[in-house]
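Visitor: Here you go, one structure.
The values are calculated or read from the model by the stated rules, or taken from the named source; none is laboratory data. Note that the coordinates shown come from a computational prediction; the quantities given were computed from them, not determined experimentally. Glycine also receives a Cβ, built like all others from the backbone with ideal geometry; neighbour counts cover every protein chain displayed. What goes into the accessible areas is simple: the full protein's heavy atoms, side chains included, and nothing from ligands, DNA or RNA. Shrake-Rupley method; radii C 1.70, N 1.55, O 1.52, S 1.80 Å.
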Amino acid sequence: LQGKRTSDNSPFDVIKGNIAIEIKTIIRGENPKITMHPDAKKRKEEFSVLHNLNSFTVVFHQPSNSIYYRKGIGSFRLANMEKVSYQQLQQVIR
């Protein structure tokens, strides 16, 4: 996504301009969802507000080799996220 990868203890995985990106990977699993601990969500929200960032969550679903995204952060079911190609994701997250 051509953003800056952050360190392990940073609230987000990638920062690109005024966009903060949380990246999750589902390697296997019967339940197509991601979860975020409430304390982690609060930390990310506070960081976004403090630095005036728009936040996105991106999920790489390895069983289907698919990419999903959603504006915001939190616990999401893949059915409530948008399935996109890598090229489409690059257009969304500019």
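Visitor: So I have (i) 1.47; (ii) 1.12; (iii) 1.03, and one of them is Cα Rg over 2.2 N^0.38 Å calculated from this model. Which one is it?
Guide: Step by step, Cα Rg over 2.2 N^0.38 Å for this structure corresponds to label (iii).
Visitor: Then there is this: Could you tell me how far the Cα centroid of the stretch 1-45 sits from the Cα centroid of the stretch 47-93, in Å?
Guide: 9
Visitor: With charges only on Cβ, +1 for K and R and -1 for D and E, what is the dipole size of the chain about its Cα centre, in debye, rounded to 20?
Guide: Rounded to the nearest 20 debye, it is 140 debye.
Visitor: Tell me, what is the per residue accessible area of the chain in Å², probe radius 1.4 Å?
Guide: 66
Visitor: Next question. Enter the angle in degrees (range 0 to 90, nearest 10) between the Cα long axis of helix 38-50 and the first principal axis of the Cα atoms of the chain, meaning the one along which they spread out most.
Guide: On a 0 to 90 degree scale, this one is about 50.
Visitor: Turning to a different aspect of this structure: May I ask you to list the residues of the stretch 29-69 whose amide nitrogen lies under 14 Å from a point 7 Å from Cα along the Cα→beta-carbon direction of Q90?
Guide: none
Visitor: What spacing in nm lies between the two simple spin-label points modelled at R28 and S66, each 7 Å away from Cα in the Cβ direction?
Guide: Each label point lies 7 Å from its Cα, and together they span 1.9 nm.
Visitor: Something else now. Going 7 Å from the Cα of K4 toward and past its Cβ, which residues in the stretch 12-56 have a backbone nitrogen under 11 Å from where you end up?
Guide: So the set is 15-18.
Visitor: Restricting to the chain, what percent of DSSP beta bridges are antiparallel, rounded to 5?
Guide: 65
Visitor: Now for a different question. Equivalent-ellipsoid semi-axes (√(5λ), Cα gyration tensor) for the stretch 4-57, whole Å, largest first?
Guide: Its equivalent ellipsoid spans semi-axes of 21, 13, 10 Å.
Visitor: Show me, for the stretch 72-77, the HN-Hα J-couplings you get by feeding each phi into the Karplus relation (A = 6.51, B = -1.76, C = 1.60, θ = phi - 60°), rounded to Hz, glycine and proline as x.
Guide: So the J values, rounded to whole Hz, are x, 9, x, 9, 9, 8.
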